[in-house]
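Trainee: Have a look at the structure that comes next, please.
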Amino acid sequence: MSRKLALFAAAAFGLGLVTAPLLVAADKPADAVAQAQPDADGFVSLFNGKDLTGWRGMEGYWSVKDGAICGFQTKEKSKQTFLIWEGGNVTDFELRLKFKFAPVDGKVGGNSGIQFRSKVTDEKNFVVGGYQADFDSGNQYTGIIYDEKGIAGGRGIMSKRGEKTTYGADFTDPKKQKPTTEKLEKDDKQLKESIKVGDWNDAVLTVKGNHVVFKINGNTTTEVIDDSPKALKEGVLAFQLHAGHTMDIQFKDVRLKKL
């Protein structure tokens, strides 16, 4: 936390103006992070491997350990909270990163995901809703696309692992309508077997226009074509800590390319 932010926070608490946990903040301004120069392939690193520069989240839940972003919590003190990238809204992009659920007391647990084109619904508690590229420690949901908090029209699981799902321009009511689906090259079982438990997985999320492609370890796990009126065009990028779990979710090598 910067000295200026710390002084402001202390004063605000003294006046009774702040009731939320302090931000996980960094000394480097968010606009400087957003203006970082891309590499030869057009990717910008969103994480420096040392601290949470350019990110904000709930204090005590997010940290950096061994060159990775770590979201840690116990079930008793768990929160539905997110680590939000401060580099501005994302629209069309390719995101590459590695993720894993690390063991806690010898057990691997938890649920997380990558929020994209999403909306901050609760600034105090860093809660985000919208499109989510989902993953969990047991790989029941890893590789799907989910509508967190119903921001994209209350569609829940938008596209299952092993499927390409299309929402037409006339899709307005998920309780009465169903999207069209088609099978991908690898089915749910094959894809699940390719995802590592308790170890690093490579994820690539490509979003361009109405088309979302989610890949893990080189395999396309799901695709979405979203032409519905509730389609999300832009919004924040964030990582999730899901309430109700003792968990340690880790991210590293986080790189973004605008398309």
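Trainee: Say a paramagnetic label sat at a point 7 Å from the Cα of residue 182, along Cα to Cβ; which residues of region 149-167 have their backbone N under 12 Å from it?
Mentor: 164-166
Trainee: Report the FRET efficiency, 1/(1 + (r/R0)^6), for residue 170 and residue 89, where r is their Cβ-Cβ distance and R0 is 35 Å, rounded to 0.05. Working shown, then result.
Mentor: Details: r = 27 Å, r/R0 = 0.78.
The pair residue 170/residue 89 has a calculated efficiency of 0.80.
Trainee: Additional query: Could you please state how large a percent of the accessible area of the chain is carbon and sulfur, counting protein chains only and using a 1.4 Å probe?
Mentor: Values: 6230 of 12750 Å².
On the chain, the fraction of accessible area on carbon and sulfur atoms equals 49 percent.
Trainee: Apply the Karplus curve 6.51 cos²θ - 1.76 cosθ + 1.60, θ = phi - 60°, to the phi angles in region 77-91 and return the couplings in whole Hz, x for Gly and Pro.
Mentor: 10, 6, 9, 8, 9, 9, 9, 9, 6, 9, x, x, 5, 9, 10
Trainee: Then there is this: Under a cut-off of 18 Å between alpha-carbon atoms, report the lysines in cross-link reach of residue 258, not counting same-chain residues fewer than 8 places apart.
Mentor: Within the straight-line cut-off, residue 258 pairs with 208, 215, 233.
Trainee: So what is the calculated 222 nm ellipticity per residue for the chain, using -39500 (n - 2.57) for each DSSP H run with n of 4 or more, over all residues, to the nearest 500 deg cm²/dmol? Each step should come with its number before you reach the end.
Mentor: Details: 3 runs with 24 residues, N = 259.
Counting only the DSSP helices, I get -2500 deg cm²/dmol.
Trainee: I'd like the distance between the alpha-carbon centres of region 198-242 and region 121-147, rounded to an integer number of Å.
Mentor: So the two Cα centres are separated by 11 Å.
Trainee: Which residues' amide hydrogens lie under 5 Å from the amide hydrogen of residue 122, considering only partners 5 or more residues apart or on another chain, with H built in the peptide plane?
Mentor: 127
Trainee: Show me 249-255, 180-186 ranked by packing, highest mean number of other Cβ atoms within 10 Å first. Spell out each step's value before the answer.
Mentor: Details: 249-255: 21.0, 180-186: 12.4.
Listed from highest to lowest mean packing, they are 249-255, 180-186.
Trainee: Spelling out what I want: for every residue of region 225-235, take phi, set θ = phi - 60°, compute 6.51 cos²θ - 1.76 cosθ + 1.60 (Karplus), and round to whole Hz; glycine and proline get x.
Mentor: 10, 10, 9, 6, x, 8, 4, 8, 9, 7, x
Trainee: Please give me, ordered by residue number, the trypsin sites (Lys or Arg not before Pro) of region 91-167 that lie in loop per DSSP and have at most 12 other Cβ atoms within 10 Å.
Mentor: Working: sites: 96, 98, 100, 107, 117, 119, 124, 149, 155, 160, 161, 164; in loops: 124, 149, 155, 160, 161.
Answer by residue number: 124.
Trainee: Then there's this: Step through the table entries 160/230; 230/252; 100/160; 149/196; 79/124; 192/230, compare each Cα-Cα distance with 22 Å, and write down the pairs that go over it. Walk me through the intermediate numbers first.
Mentor: Values: 160/230 19 Å; 230/252 31 Å; 100/160 20 Å; 149/196 27 Å; 79/124 12 Å; 192/230 29 Å.
Checking Cα-Cα distances, 230/252; 149/196; 192/230 exceed 22 Å.
Trainee: Given H placed on each backbone N at 1.01 Å, which residues far from residue 152 in sequence or on other chains put an amide H within less than 5 Å of it?
Mentor: Amide H neighbours of residue 152, under 5 Å, 5+ apart: 130.
Trainee: What percent does the relative contact order of region 54-146 come to when contacts are Cα pairs within less than 8 Å and at least six residues apart? Walk me through the numbers before you get to the answer.
Mentor: Values: 123 pairs, mean separation 20.8, N = 93.
The value is 22 percent.
Trainee: How large is ³J(HN,Hα), in whole Hz, for each residue of region 109-115 in order, when computed from phi with the Karplus curve 6.51 cos²θ - 1.76 cosθ + 1.60 and θ = phi - 60°, using x for Gly and Pro?
Mentor: So the Karplus estimates, Gly and Pro as x, are x, x, 9, 8, x, 9, 7 Hz.
Trainee: Measure nothing but the geometry: give the 0 to 90° angle between the long axis through the Cα atoms of 3-15 and the longest principal axis through the Cα atoms of the chain, rounded to 10°.
Mentor: Its long axis makes an angle of about 80 degrees.
Trainee: Per q in 0.08, 0.17 1/Å, what log10 I(q)/I(0) does a Debye calculation on the alpha-carbon atoms of the chain return?
Mentor: Result of the Debye calculation: -0.31, -1.38.
The values are calculated or read from the model by the stated rules, or taken from the named source; none is laboratory data. It should be emphasised that the depicted structure is a prediction, and the values quoted were computed from it without experimental measurement. Neighbour counts are summed over all protein chains in view; Cβ atoms, including those assigned to glycine, are modelled from backbone coordinates with ideal geometry. Side chains are part of the model used for accessible areas, which takes the heavy atoms of the whole protein and leaves out ligands, DNA and RNA. Shrake-Rupley method; radii C 1.70, N 1.55, O 1.52, S 1.80 Å.
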